[in-house]
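All remarks here apply to the structure that follows.
The values are calculated or read from the model by the stated rules, or taken from the named source; none is laboratory data. In this text, all values refer to a predicted model and were calculated from it rather than measured experimentally. We place every Cβ from the backbone using ideal geometry, glycine too, and count neighbours over all the protein chains shown.
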Amino acid sequence: MKENIVIIGGGIAGLEAAGQLLKLGYSPIIIERTERLGGHVASWHRLFPDMSPAKELVDGLVAAASGANIFLNTEISFVNRLKDSYNIMLSNGISIITRIMLVTTGFSVFDASKKEEYGYGVYDQVITNRDLEHWFNGNADPRIDNSAMNAVGFVHCVGSRDEKARNSQCSKVCCITAVKQAIEIRQKFPEASVYCFYMDLRMFGKKYEDFYINAQRDYGIRFIRGRVSEVSENIEGKVVIKAEDTLSGKPVKVTLDLLVLMAGMVCSQASSRVAGMIPLPTDSDGFLKSKDNVYGVVESPKEGIFYAGACTGPKTVPEALAEARAAALDVHLFINGLK
Amino acid sequence: MDFGFRISPSSAINLDNVDLTLFERLHEMEPDVYKCMACGSCSATCPASVYSGMSIRKVILCLQRGREKEAFRMMKNCMLCGKCTMVCPRGINTRHLILSISKLYSETK
């Protein structure tokens, strides 16, 4: 019997898993909620640490997964548990009977307006990392285009490591993303002073530390250890931020033309919705719970249901891709075990 | 009239008013000056530190925050022994940096 493999989410993890499953001789089905594939990465401009274009990666993944059965603009209406399989009803009226599901529903970007003290959505000169990346991608943004760009600030850990925002986890990629975006700002505006306000810098990945040294030494990015406490607007329409320079133990104040908030990763509503239908458990950090956080990250506690990518927690692009490959292999081994 | 109390000046640093022209020149002479990540190895190993408060990491920070006087007060106590250069994990030639700071800032004073 030919097994249906349902991949929920057409982001990079879903695409990579589909590509691998196609190579193994299966014909997976991808269900994508939005009108295009590639998820968050598709709207990103360049990827750390080598500044490789995100578009090339996504185009490659989409091409490799093109043999899959892809449903765009499609959501799951409901899931029925059958004796040894699931009946998935899609919003386009198609129903699929399957024993294997791969959940690649990804993450959501933290809603920065929840941190009211930073003034996102209140002041024009406050944007997020995602807004800036869209602008790098060639989309006009009056908040950036109309500003003088003499001084730009980055606030790390917005909605990450923040119990009040109900996200105690580290979003992992924002430190290095801030370094990358700060460098890009200096490349575009060599005269601008660029400040990064951080609590810790977590440069855990390959070449991240080099990238950070590069930002300090060659681009003169000013790293200030201290979390921005409040943002206000002055009469000229610029933003004034206050923080503590914890290395000198003194309060610090600076006027900026643009403030970029490094909004973190949170479990997406889509993930929670899918998890609620199957149902799948949620871990204490709000992301989906793996069978084991060391040995079985890509397995759910339910037989035949697998995970890949940021639905189980913040991940970098290479991590999400590696998990997708691991999950594809797990699916393959699971199908072999059914025979 | 002296009431025996006064308002002390604000210790806050306003980066808008800090003139970093000299520091940028220092950065051109010593590109590594920005590499300091304030780990404190230099101050911990400095033989002058415990007696005088000398700390090259604080000197670098003070210069970036427009507190030159404080920096020079600390630097007067440096004996140029070079122990800080040996321990710096970022490979900053701190001894050379101290000499460059002295040269650059005294020239312009």
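Values for this structure:
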item	result
For A:Lys289: the one exception among (1) touching a helix residue (DSSP H, G or I) at 6+ places or on another chain (Cβ under 9 Å); (2) within 30 Å of B:Leu26 (Cα to Cα)	(2)
Residues satisfying the stated conditions in the range A:90-121, i.e. in contact (Cβ under 8 Å) with a residue 24 or more places away in the chain and among the β-branched types (Val, Ile, Thr)	A:Ile96, A:Ile97, A:Thr98, A:Ile100, A:Val103, A:Thr104, A:Thr105, A:Val109
Selection status of A:Ala178, assigned to a helix (DSSP H, G or I), modelled with pLDDT of 95 or more and either more than 25 Å from A:Val41 (Cα to Cα) or away from every other protein chain (no Cβ under 13 Å) (or both)	yes
Test set (1) within 14 Å of chain B (Cβ to nearest Cβ); (2) closer than 22 Å to A:Ser52 by Cα - A:Gly264 fails condition number	(1)
Subset of the range A:77-92 (residues that are surrounded by 15 or more Cβ atoms within 10 Å (Cβ to Cβ) and either assigned to a loop (DSSP other than H, G, I, E, B) or at positive phi (or both))	A:Ser85
Index of the failed condition, A:Gly19 passing every other in (1) farther than 30 Å from A:Gly337 by Cα; (2) at pLDDT 95 or above; (3) not hydroxyl-bearing (Ser, Thr, Tyr)	(1)
Filter result for A:Ser290 (in a helix (DSSP H, G or I), hydroxyl-bearing (Ser, Thr, Tyr) and surrounded by 20 or more Cβ atoms within 10 Å (Cβ to Cβ))	no
Count of the range B:1-35 residues which are in a loop (DSSP other than H, G, I, E, B) and either facing chain A (nearest Cβ under 8 Å) or farther than 24 Å from A:Met203 by Cβ (or both)	15
All positions within the range B:45-75 that are away from chain A (no Cβ under 14 Å) and in contact (Cβ under 8 Å) with a residue 24 or more places away in the chain	B:Thr45, B:Cys46, B:Pro47, B:Ala48, B:Tyr51, B:Ser52, B:Met54, B:Phe72, B:Met75
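Yes or no, residue by residue, for (1) modelled with pLDDT of 95 or more; (2) closer than 24 Å to A:Gly19 by Cα:
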| position | (1), (2) |
| --- | --- |
| A:Gly286 | no, no |
| A:Glu303 | no, yes |
| A:Phe306 | yes, yes |
| A:Ala310 | yes, yes |
| A:Val317 | yes, yes |
| A:Glu323 | yes, yes |
| A:Ala326 | yes, yes |
| A:His332 | yes, yes |
